[in-house]
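No value in this document is a laboratory result; all are computed from the given coordinates. All of these numbers come straight from a predicted model, not from anything done at the bench. Here the Cβ positions follow ideal geometry from the backbone for every residue, glycine too, while neighbour counts run over all protein chains shown.
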Amino acid sequence: MNEYFSKNYNESRNKFLEFSKKSGANIDSLELKKVLGPQKEKLFIDISYFGKKDASKVFFHTSGIHGVEGFAGSAIQLSILKNKFIKLFPKDIAIVFIHIINPYGMAWLRRWNETNIDLNRNINSPTFFKKEKCSQVYCKLNELLNPYNVPFNWNLSFLFGGIKSRLWYSKQRLKTGIASGQNFFPKGLFYIGKELEQGPKIIITWLKNNFKNTKQILHIDVHTGLGSYAYDTLLFDREMEEKYNFFKSMGDHVQRHIDPNYIAYNTSGICRNIFSSMAFPKATYYGFTQEFGTYSNFKVLKALRKENYYHNWEKVNIKHDSKKELLEVFNPQDENWQNKIIYRGNIMFNKALQWFSFL
Ligand SMILES: [Zn+2]
């Protein structure tokens, strides 16, 4: 197995702190309140940074907003930190690694956080949460997506429902309808929540307190679970359209939300808002999601559905089958997959940094 991939959250956290220290970074650990990991351990959002706090340009590399997807993001960060060239970047830039935005999710092998919330749909203003949100597709499929009992004929019924719903809706409508976020079912998949969660909140406060001169932001947010196996897609959302030259400069692998075969879905409240609208509303934002493919949408959704049922209703531990399945669909135990993640993660980090230094 690739040396940068960890077996669990604690291992990845310890390595991140160790590698950051060895490479001369400044380190801060933000504790999550009222929540513990599976070994009853405290949970932290760890941040390490290089360069001056009053830098006008700040490069953020973030991972693990979707908990279990953090194994890949953590491994990329560890490999970058291990490289001694990390210190040789232009003086007017600060580099900030936010290790795992959702440590509960990674520790408990979940995509969601401690209150079952999809944090990558949660970074919104108070007015946003007042509106009811549940697509017609989601509301129709709710019982299928979020069963209250272990269903008899589990696989068959799911497959049947999936096929049937594909006859009603286009694949894109189905995907967006299910995954773009809902606030009707608090124990359901892709739940947005009712307010900004504590994790993003403490990150935003930390950013505001520490980086007071930020004028230009570069941001890479690492995810897994969408797209072809071991292939990374660089996803640019709506708000980035006016920065067309920026995403052209990132070379191939690029997808814009207007591309007909866009693998993701339009949604509100994603990670970029932590930086662009919440912490630094006056700064210019450049950023993208680096999304590494694993398995098919159905396989991923099936694993999410199963884990969500067992976690919420049967209170299973992290050794349960449903947890193992979820880990595999977001972090395949395959050295070839892992090596490609490290390779492409480093290429995009270096490429983006180079672009930023000439800006
Ligand atoms: Zn994700």
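How much length, in nm to one decimal, is gained on full extension between residue 358 and residue 131, taken as 0.36 nm per residue of separation minus their Cα-Cα distance?
Stretched fully, the residue 358-residue 131 segment lengthens by 77.5 nm.
Which distance in Å, rounded to a whole number, links the C-alpha centroids of segment 24-65 and segment 244-258?
The distance from the Cα centre of segment 24-65 to that of segment 244-258 comes to 29 Å.
Rank these for me by crowding, 278, 250, going from fewest to most other beta carbons within 10 Å.
Exposure proxy ranking, most exposed first: 250, 278.
Sort 134, 271, 139 so the one with the fewest other Cβ atoms within 10 Å of its own Cβ comes first.
Exposure proxy ranking, most exposed first: 139, 134, 271.
Could you sort out which of 130/315; 302/351; 201/315; 34/201; 53/282 sit more than 25 Å apart by Cα distance in this structure?
Values: 130/315 30 Å; 302/351 35 Å; 201/315 27 Å; 34/201 15 Å; 53/282 17 Å.
Beyond 25 Å between Cα atoms: 130/315; 302/351; 201/315.
Distances longer than 29 Å among the Cα atoms of the chain: what percent of all pairs is that? Intermediate values should be presented prior to the final figure.
Working: 23254 of 64261 pairs.
That fraction is 36 percent.
Among 202, 123, 100, which one moves the most in a GNM of the chain with springs linking Cα atoms closer than 10 Å?
Sorting by GNM fluctuation, first place goes to 202.
Would you work out the Kirkwood radius for segment 235-359? I mean one over the mean of 1/r across all pairs of different Cα atoms, in Å.
17.2
Fewest Cβ neighbours within 10 Å first, please rank 43, 30, 326 accordingly.
Going from sparsest to densest Cβ surroundings: 30, 43, 326.
Rounded to the nearest 500, what is the 222 nm mean residue ellipticity of the chain from helices alone, with -39500 (n - 2.57) per DSSP H run of 4+ residues and division by all residues?
-12000 deg cm²/dmol
Starting from the Cα of residue 228, step 7 Å along the direction of its Cβ; do the same at residue 150; then give the gap between the two resulting points in nm.
3.8
For the chain, give the share of DSSP beta bridges that are antiparallel, in percent and rounded to the nearest 5; count only bridges with both residues there.
Taking every DSSP beta bridge with both residues in the chain, the antiparallel ones total about 35 percent.
Can you give the % of DSSP beta bridges in segment 211-359 that are antiparallel, to the nearest 5?
25
May I ask you to list the trypsin sites (Lys or Arg not before Pro) in segment 304-350 that are in a DSSP loop and have at most 10 other Cβ atoms within 10 Å of their Cβ?
For trypsin sites (Lys or Arg not before Pro) across segment 304-350 that sit outside H, G, I, E and B with at most 10 neighbouring Cβ atoms in 10 Å, the list reads 315, 319.
What GluC sites (Glu not before Pro) in segment 29-77 are in a loop by DSSP, with at most 16 other Cβ atoms within 10 Å of the Cβ?
Sites meeting the loop and neighbour criteria: 41.
Whose amide H sits under 5 Å from the amide H of residue 64, counting only residues 5 or more places off or on another chain, with H placed in the peptide plane?
The answer is 70, 73, 101, 222.
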